[in-house]
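In what follows, a structure is listed as structure tokens, so that the remarks can point back to it.
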């Protein structure tokens, strides 16, 4: 029996359901992550091993050889998720307290999908230099840092400075993670419509941190800069725009793209950028209504739309499809083709941690994107399947291996493992994390959720 076709109103209500559920579930659990033991506690005598007096021995061992911290502690699996709450999802500057639920969710995904022990840390400052100093001071305790939801343009400065100064991998998920996953989807989407990355014309809607980094990652993957038109809140980026001097002095990253994209200096806004385009990559204002159906009709044959604004895409997928879109991807798990950071950062960090990488390079991100695309291709691509889903757990160890091997190749890994060793390490850690959560649920230590009233 075929599934009943839902009306537009029913589809919208279904799309709004996660938000309604979140308002019940968050206060029920009072958060999403906690700290629990990983060592045995057979009786009270064991605390003499784990704490004083026994703990003095490993402390002194680390003092004599600082790298022993990776043997005696969990530093090599600790990641700090740091944010100031100035650009949270599609909500803007909502402050550090209001951003905490997002960072807790990030920590949960790190653990369940990547076997990484992550800690949400909201900072009560917007000053980029204070944030840089704070993150650098976290290094003794953490194997890596995930920067999250920092506003533009300071997010670029913070990441660049930390990558120069830190000796552990510092990564900004809104830039690098979004880029890796989007490019993975793009690699497969153009295959489905029998086009080539080197030939497609792309309209990039939104010129924030995510889309700027996506654009650079697309270039690394084979997209030609002259085939891209980028649009910000003031219109298409072009060197003859009235505010060109402001772009050049205040928005360095945006100005760099302005100089190499849109060579014909196409003027206007979103519809003008979309005219004749094969692909739209949109990470801009939450919709619906940011992209209109009639603009899709201006695009080339078999148009591809990545409408990834959160929490609501620039146009709902059913409206985009009705207007002629061949492939539609969003950032949401309740629609097909979810292009979501959650497919990237757990596996990428797993791989970086397992080889004790000193940084996470763009080449490592591209390796993850290519492997992510390959996972979907191995299973069979279609209009509604250009990228794996989060429940395909093999994605994460495969990404981890690709990232670890690329780090070794680039010379940024401090320990070397074979492909088989990396796969075994990643699979064991991820499997352990998943089974631990399932066990706690089964035994009632994580209580069942409140009943669904719908």
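The values are calculated or read from the model by the stated rules, or taken from the named source; none is laboratory data. Just so it is clear, the structure is predicted and the values come from calculations on it, not from any experiment. Cβ placement follows ideal geometry from the backbone for every residue including glycine, while neighbour counts extend to all protein chains displayed.
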- Query: Can you name the number of the only condition in (1) within 24 Å of the chain's Cα centre (by Cα); (2) part of a helix (DSSP H, G or I) that residue 249 fails?
  - Reply: (1)
- From the list 293, 263, pick out the single residue that is under 24 Å from residue 197 (Cβ atoms), touching a helix residue (DSSP H, G or I) at 6+ places or on another chain (Cβ under 8 Å) and either without any contact (Cβ under 8 Å) to a residue 60 or more places away in the chain or crowded, with 18+ Cβ neighbours inside 10 Å (or both). 263
- Quick check: anything in segment 72-85 more than 20 Å from the chain's Cα centre (by Cα) and farther than 29 Å from residue 350 by Cα? no
- Task: Output yes when any residue across segment 272-281 is surrounded by 21 or more Cβ atoms within 10 Å (Cβ to Cβ), free of Cβ contacts under 8 Å to residues at least 40 places away in the same chain and under 22 Å from the mean Cα position of the chain (by Cα), and no when none is.
- Result: no
- Query: Could we say that residue 198 is under 23 Å from residue 259 (Cα atoms) and assigned to a strand (DSSP E or B) here?
  - Reply: no
- Residue list for segment 201-222, restricted to those being within 17 Å of residue 369 (Cα to Cα) and not in a loop (DSSP other than H, G, I, E, B): 210, 211, 212, 213, 214, 215, 216, 217, 218, 219, 220, 221
- Test: residue in segment 124-135 that is crowded, with 16+ Cβ neighbours inside 10 Å and under 30 Å from residue 398 (Cβ atoms): yes
- In segment 433-454, the residues that are over 18 Å from residue 391 (Cβ atoms) and either in contact with a strand residue (DSSP E or B) (Cβ under 9 Å, 6 or more places away or on another chain) or part of a helix (DSSP H, G or I) (or both): 439, 440, 442
- Query: Can you pull out the residues in segment 238-253 that are in contact (Cβ under 8 Å) with a residue 24 or more places away in the chain, more than 24 Å from residue 89 (Cα to Cα) and in contact with a helix residue (DSSP H, G or I) (Cβ under 9 Å, 6 or more places away or on another chain)?
  - Reply: 238, 239
- Query: Limited to segment 223-243, what total is found for residues that are exposed (fewer than 15 other Cβ atoms within 10 Å of the Cβ) and under 30 Å from residue 368 (Cβ atoms)?
  - Reply: 1
- Per the filter on segment 164-178, residues within 18 Å of the chain's Cα centre (by Cα) and at pLDDT 95 or above are 169, 170
- Message: Any residue that is surrounded by fewer than 24 Cβ atoms within 10 Å (Cβ to Cβ), over 21 Å from residue 18 (Cα atoms), in contact with a strand residue (DSSP E or B) (Cβ under 7 Å, 6 or more places away or on another chain) and in contact (Cβ under 8 Å) with a residue 40 or more places away in the chain - is there at least one of those in segment 325-342?
- Response: yes
- Is at least one residue of segment 121-134 at pLDDT 95 or above, within 15 Å of residue 358 (Cα to Cα) and touching a strand residue (DSSP E or B) at 6+ places or on another chain (Cβ under 8 Å)? no
- Taking residue 410, is it surrounded by fewer than 19 Cβ atoms within 10 Å (Cβ to Cβ) and either over 19 Å from the mean Cα position of the chain (by Cα) or on the phi < 0 side of the Ramachandran plot (or both)? yes
- State whether the residues of segment 354-377 include one that is farther than 27 Å from residue 141 by Cβ, more than 22 Å from the chain's Cα centre (by Cα), in a helix (DSSP H, G or I) and at pLDDT 95 or above. no
